[in-house]
1. Of the listed peptides 235-244, 113-122, what is their order by residue-averaged count of other C-beta atoms within 10 Å, with the highest listed first?
2. Residues with beta-carbon under 9 Å from that of His32, excluding His32: net charge, scoring Lys, Arg +1 and Asp, Glu -1?
3. Which one, Val64, Asn245, Ile168, projects farthest toward the positive side of the charge dipole computed for the chain from Cβ point charges (K/R +1, D/E -1)?
4. Which entry is the computed Rg and Dmax of the Cα atoms in Å for this structure: (i) 20.5, 62; (ii) 21.8, 74; (iii) 21.1, 80?
5. What order, most packed first, do the peptides 11-19, 160-168 have when packing is the mean number of other Cβ atoms within 10 Å of each residue?
6. So for each of 257-268, 57-68 I average, over its residues, the number of other beta carbons within 10 Å; can you give me the resulting order with the highest mean first?
7. If you add up the charges near Leu8, with Lys and Arg at +1 and Asp and Glu at -1, over every other residue whose beta carbon is less than 12 angstrom from its beta carbon, what do you get?
8. For the chain, what % of the accessible area comes from carbon and sulfur atoms, probe 1.4 Å?
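The values are calculated or read from the model by the stated rules, or taken from the named source; none is laboratory data. Just so you know, these numbers come straight off a predicted model, no measurement behind them. Cβ sites come from the backbone with ideal geometry, for glycine too, and all protein chains shown count toward neighbours. The area values use the complete protein model at the heavy-atom level, side chains included, leaving out ligands, DNA and RNA. Shrake-Rupley method; radii C 1.70, N 1.55, O 1.52, S 1.80 Å.
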Amino acid sequence: MNITEKILSAKAGHEVTPGEIIEIPVDLAMSHDGTSPPAIKTFERIADKVWDPERIAIIFDHNVPANTIGSAEFQKVCRDFIKKQNITKNYIHGEGICHQVVPEMGLAEPGMVIVGADSHTCTYGAFGAFSTGMGATDLAMVWATGKTWFMVPEAIKMNVTGDLNEYIAPKDIILNIIGTIGIAGATYKTAEFAGDTIEKMGVEGRATMCNMAIEMGAKNGIMQPNKEVIDYICQRTGKRESELNIIKSDEDAEYENELDFDITDLEPQIACPNDVDNVKNISQIEGTSIDQCLIGSCTNGRLSDLKDAAEILKDNEIDDSIRLLILPASREIYRQAIELGYINTFIDAGAIICNPGCGPCLGGHMGVLSKGESCISTTNRNFKGRMGDPQSEVYLSNSKVVAASAITGVITNPKDL
């Protein structure tokens with residue numbers, strides 16, 4: 001069996017098969033300031049008390065601090081619910097983006113089933129969990145019962161080999177995969193990432209790749225934990241490795257399909273407007289004019305992303321025509337970036353430093369684009385109108401490319417600086 005089938009079998013109490021409908025218990029249910037209020041509205045129609053206040057996490061990240069009366073009202077609804085239900089795992093004071101805060105707080109472990117009212121909940125597959133997004137109504141039922149149903153997904157194994165060169169990052173690998181199989185190429189499938197490249201990959205890169213599994217339609221993205229992941233989880237949870245439920249795929253596990261990706265000669269990858277699978281090598285579009293550059297989000301707002309950008313921006317200034325926004329993914333990352341001097345580098349270069357949060361990724365808060373403007377961003381989606389006006393455009397890339405482009409004012413390969 002593969003890792004996903006093993007996790008679901010353990011929860012179901014029997015050996016599951018792809019296509020089977022199962023009802024299983026949930027280990028953690030997560031929501032944020034944008035999705036909690038509709039879930040609360042539904043929940044209050046069906047129950048008075050949540051099944052377990054210790055297994056619910058509510059995080060403010062989409063519009064924090066509140067930027068409209070509507071978002072302020074949404075957050076008040078959440079605060080009242082948190083108090084009434086005694087939700088102890090609440091991170092509502094700028095701690096950061098939910099998909100960074102959950103692992104930082106030690107809430108994601110191997111073998112868990114985690115659901116969240118956000119499509120990028122698949123991020124926690126980087127820690128060996130079965131993790132997936134769901135709608136507010138389904139989440140309300142989880143809050144009430146502690147259970148949910150799934151159809152056991154078929155699995156696609158994606159073997160990645162080759163070494164990252166100094167100008168590409170895990171973001172380029174996942175963009176290349178999505179560009180190859182398409183935005184619907186893994187619909188309701190498990191995307192299991194494996195191979196030498198994945199085995200050597202650190203925690204942050206693994207989170208980036210699993211985060212974007214949803215962009216090819218996958219039900220979940222998942223990886224077998226390596227030593228760095230296990231050490232990270234032990235540090236965050238205070239547990240020993242022997243206390244973790246580390247699950248691995250059998251060597252003879254069956255998959256619907258197996259795909260091989262060799263990244264040896266991979267160029268930086270750019271997802272061009274208006275679909276995440278509209279992926280091109282940077283050599284095909286370098287020189288394209290842009291108005292805004294953004295480094296942040298649950299995909300690429302981590303310390304390694306800021307480090308890569310700071311190394312390129314050091315002793316450089318951004319082009320006068322460009323707005324460069326930096327949003328660390330969490331308060332912890334923000335503090336580390338200050339201590340390491342990255343924030344000073346960004347300020348010296350002329351960047352705007354924003355508080356941790358989702359902000360402009362969804363066109364909700366800070367950095368919204370106007371008609372005719374374009375942005376190159378480390379975020380995860382570039383749909384029409386995603387970051388503002390429907391006649392604006394978004395390009396997706398790694399943080400090295402974004403930083404280089406901020407200096408020149410056009411999409412630039414960092415190797416050409």
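1. Ranked by mean Cβ neighbours within 10 Å, highest first: 113-122, 235-244.
2. -3
3. Going by the Cα projections, it comes out as Val64.
4. Computing Rg and Dmax of the Cα atoms in Å and matching it to (i) 20.5, 62; (ii) 21.8, 74; (iii) 21.1, 80 gives (i).
5. 160-168, 11-19
6. Ranking the peptides 257-268, 57-68 by packing returns 57-68, 257-268.
7. Once positives and negatives cancel, what remains is -1.
8. With neighbouring chains kept in place, the figure for the chain is 46 percent.
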